[in-house]
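Enquirer: Have a look at this one before I ask anything.
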Amino acid sequence: VLPYPLEVGSLDAFDELIGTLYEPAERQKLEWAIGSVVSGDSKTIQKFVVLYGEAGSGKSTVLNIIQWLFEGYYTTFEARALTSYGNSFSTEVFRGNPLIAIQHDGDLSRIEDNTKLNSIVSHEEMTMNEKFKSSYTSRLNCFLFIGTNRPVKISDSQSGIIRRLLDIRPSGNRVSSKKYQALMSQIHFELGAIAHHCLTVYLSMGKNYYSGYKPLSMMLQTDVFFNFVEDNFYTFVQQGGGTTLLQAYEMYKTYC
């Protein structure tokens, strides 16, 4: 049950703020993700959202709006704890099986073990550990939203992240502090219209719109092998569109 009517209404403040902070294609990703939660489909969609940009670019602004939209249905979590060894109780924050989990300042730049992250995003049954309680098995319905100013570590060993990551980048444009406060105050009165708008966007695009999406710009920043292939693309083309394993490995060692 949402604390506001899900109906058409004014979106002036939301349009001005989000339209300034995010380019149309990035805003579309954002509205699709929010709409999937409103529709209930997020429980079966195997994606997680990473808002990636420098400090003060609008990541927390979006996450605050999402918290207002789904008050009572979200939790906070620590992405680093989910992807590092030795954090046996990192899933404890999901014990209430919330619809959304949010971290305003996350860090996925050093992923040691992506098993828990992939299980949560894929909504698979997984072992839950809580302090002073016996472990149990649960299937989480959670959709993850993470804000970060560090690129997500992507390599072959974490290839599952490639098909699950939906990266959203702020435009770098900003509004004045006074204008920002005024717009955020007004957005409180637009929540029903925002939710309805995002639901409409989601339904028009469809559940599988980003199924084949790959975060290429993020891969170029952190995936060494992807960079190697990109850097030597024309060399392989000039050789007839291929190479031998021995030659490729020698080239890769030199590249590294």
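The values are calculated or read from the model by the stated rules, or taken from the named source; none is laboratory data. In this text, all values refer to a predicted model and were calculated from it rather than measured experimentally. Positions of Cβ are generated from backbone atoms using ideal geometry, with glycine treated the same way; all protein chains shown enter the neighbour counts. All accessible areas refer to the heavy atoms of the entire protein, side chains included, with ligands and DNA or RNA removed. Shrake-Rupley method; radii C 1.70, N 1.55, O 1.52, S 1.80 Å.
Enquirer: Taking only protein heavy atoms and a 1.4 Å probe, what accessible area per residue, in Å², does the range 180-230 have with all protein chains in place?
Expert: On the way: 2670 Å² over 51 residues.
Value for the range 180-230: 52 Å² per residue.
Enquirer: Regarding the range 38-187, what's the average projected area of the Cα-atom convex hull, expressed in nm²? Walk me through the intermediate numbers first.
Expert: Values: hull surface 39.0 nm².
So the mean shadow area of the Cα hull is 9.8 nm².
Enquirer: For all pairs of alpha-carbon atoms in the range 10-104, what percent lies in each bin of width 5 Å, listed from the first bin to the last filled one?
Expert: Binned Cα distances yield the sequence 2, 11, 20, 24, 20, 13, 7, 3, 1, 0.
Enquirer: For a quick check: with amide H placed at 1.01 Å from N, whose amide H comes under 5 Å from E23's, ignoring anything fewer than 5 positions away on the same chain?
Expert: Hits under the 5 Å cutoff: S171.
Enquirer: Sequence gap at least 6, Cα distance under 8 Å: using those rules, report the relative contact order of the chain to the nearest whole percent.
Expert: Numbers: 398 pairs, mean separation 78.4, N = 256.
Computed value for the chain: 31 percent relative contact order.
Enquirer: When only alpha-carbon atoms count, how far does the range 143-218 stretch along each of its three principal axes, as whole angstroms with the largest first?
Expert: Computed over the Cα atoms, the extents are 45, 30, 19 Å.
Enquirer: If you don't mind, there's one more thing I want to ask. What is the percent carbon and sulfur in the accessible area of the chain, measuring with a 1.4 Å probe over the protein chains and ignoring ligands?
Expert: On the way: 6580 of 12940 Å².
Roughly 51 percent of what the probe reaches on the chain is carbon or sulfur.
Enquirer: Quick one: check the C-alpha center-to-center distance for the range 1-61 versus the range 179-233, whole angstrom.
Expert: Cα centroid of the range 1-61 versus Cα centroid of the range 179-233: 8 Å apart.
Enquirer: Loop only by DSSP, 16 or fewer other Cβ within 10 Å of the Cβ. Give me the trypsin sites (Lys or Arg not before Pro) in the range 108-160 that pass, ordered by residue number. Walk me through the intermediate numbers first.
Expert: Numbers: sites: R110, K116, K131, K133, R139, K153; in loops: R110, K131, K133, K153.
Those satisfying the criteria are R110, K131, K133.
Enquirer: Consider just the alpha-carbon atoms of the range 203-256 and return their Rg together with their Dmax, both in angstrom.
Expert: 15.8, 49
Enquirer: Relative to the first principal axis of the alpha-carbon coordinates of the chain, what is the inclination of helix 12-21, with its axis defined by its Cα atoms, in degrees from 0 to 90 and to the nearest 10?
Expert: The angle comes out near 20 degrees.
Enquirer: Something else: Sorting check: for 211-220, 225-234, which peptide has the highest mean count of neighbouring beta carbons within 10 Å, and how do the rest follow? Display every interim value, and only then the final one.
Expert: Numbers: 211-220: 15.0, 225-234: 13.3.
With the highest mean Cβ count within 10 Å placed first, the list reads 211-220, 225-234.
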